[in-house]
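Notes follow once the structure below has been shown.
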Amino acid sequence: MTHTVTLVPGDGIGPEVSDAVVRIIETAGVSVKWERFDAGMAALEAQGTPLPQALLDSIRRNKVALKGPITTPIGEGFASVNVGLRKALDLYASLRPISKLPHVRSRFDNVDLVIVRENTEDLYAGLEHEVVPGVVESLKIITERASTRIARFAFEYARKMGRRRITAVHKANIMKMSDGLFIKSARIVAAEFPTIAYDEQIVDALCMKLVMKPEQFDMLLLTNLYGDIVSDLAAGLVGGLGVVGAANLGADTGVFEAVHGSAPDIAGQNVANPTALLRSALLMLHHLGESEAATRIESALIRVLAMPGRATRDLGGTATTTEFAGFICSELGTAVGQ
Ligand code: NAI
């Protein structure tokens with residue numbers, strides 16, 4: 001079967017890591033028709049908008065997209081395309097499995113954590129205004145509907161994937177109403193899932209516990225901003241942003257993307273590590289029912305990481321992006337021939 005997938009290579013290192021991942025998927029024998037679109041600055045210059053309607057239409061039609069990083073101007077310029085996509089397609093759940101890849105040096109060996117982050121509201125609503133000169137206000141929006149929906153997503157995921165415990169993360173001791181509503185909603189949903197344990201942690205204490213003993217957590221459920229911060233912290237526990245995949249999911253649509261940004265400091269040098277986007281693509285392949293290919297690619301990736309020097313330089317190797325992808329493709333070819 002041929003899958004039609006929207007591909008947004010992104011900018012900075014995006015096109016380099018996307019090319020690598022497309023090549024690996026095709027070498028694994030998965031038949032994909034890619035519909036390619038620009039977004040961000042390139043789209044703004046060519047089409048007058050950073051988030052073209054044709055791109056949104058393509059994802060709505062195909063219901064699945066693979067996306068590279070897109071640069072967001074800081075403090076001015078167009079709004080984040082990433083946030084815009086999540087809002088336009090109602091991709092309300094961010095899913096980030098955090099587990100150590102064999103042969104990747106990291107602080108901890110036994111982390112197996114899944115982070116579920118609410119993706120549509122909180123301080124990310126972007127509702128900011130100047131109250132009087134020199135004073136700005138940013139609104140933290142938390143609704144019962146979105147809190148309940150993300151809690152239900154987390155518990156249903158836990159049940160499907162056999163996870164044992166969900167920890168809701170908050171600061172309801174200070175933000176009694178907003179974070180209070182988030183955990184109140186989570187508790188109501190938790191009661192519907194008696195076989196999955198539920199507890200709560202205040203966000204600052206959670207960060208301390210995560211960096212000291214991350215293996216004590218199974219799944220985390222967070223609002224948008226805490227989820228953003230804690231999920232990068234968690235990536236750091238297992239080797240950094242270059243090795244962690246992620247998915248943004250809605251009711252029937254999935255956008256799979258690496259967690260890192262466009263890395264302007266190394267863009268165009270053919271040294272970026274495509275592993276994070278590849279791991280996101282593996283989540284996509286499972287979503288598309290191509291689990292057998294996903295498993296083959298993952299074991300080819302692990303075999304390459306086991307060979308000294310064959311990783312990209314961020315992981316201590318000397319391979320370029322294209323060489324690294326080539327090694328994985330060769331491993332896939334060898335496996336086919338066996
Ligand atoms: P970044 O993740 O792009 O880079 C942070 C550091 O990690 C840099 O030193 C970079 O070289 C390194 N790095 C990141 N990915 C790597 C990879 N695959 N291989 C090897 N090294 C890698 O974060 P930064 O610099 O804060 O953001 C740059 C731009 O990316 C900003 O405009 C930001 O808004 C955007 N961004 C976009 C995201 C997305 O599209 N989902 C997510 C995060 C940031």
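Couple of notes before you dig in:
- Among the residues here, residue 206 qualifies as more than 14 Å from residue 144 (Cβ to Cβ) and in a helix (DSSP H, G or I).
- Close Cβ contacts (under 6 Å, 6 or more residues apart or on different chains) running from residues in segment 310-323 that are closer than 12 Å to residue 266 by Cα and acidic (Asp, Glu) to residues that are within 11 Å of the ligand (Cβ to nearest atom) and modelled with pLDDT of 95 or more comprise 314/273.
- Residue in segment 257-278 that is within 30 Å of residue 16 (Cβ to Cβ), within 16 Å of the ligand (Cβ to nearest atom) and either assigned to a strand (DSSP E or B) or in the same structural domain as residue 169 (by TED's automatic domain parsing) (or both) present: yes
- The C-beta contact set for segment 79-90 (first residue of a type in the set (Val, Ile, Thr), second residue surrounded by fewer than 19 Cβ atoms within 10 Å (Cβ to Cβ), distance under 8 angstrom, 6+ apart or interchain) comprises 81/72; 83/126.
The values are calculated or read from the model by the stated rules, or taken from the named source; none is laboratory data. Note that this is a predicted model, so its numbers are computed, not measured. Reconstructed Cβ throughout: ideal geometry from the backbone, glycine too, with neighbour counts over all protein chains shown.
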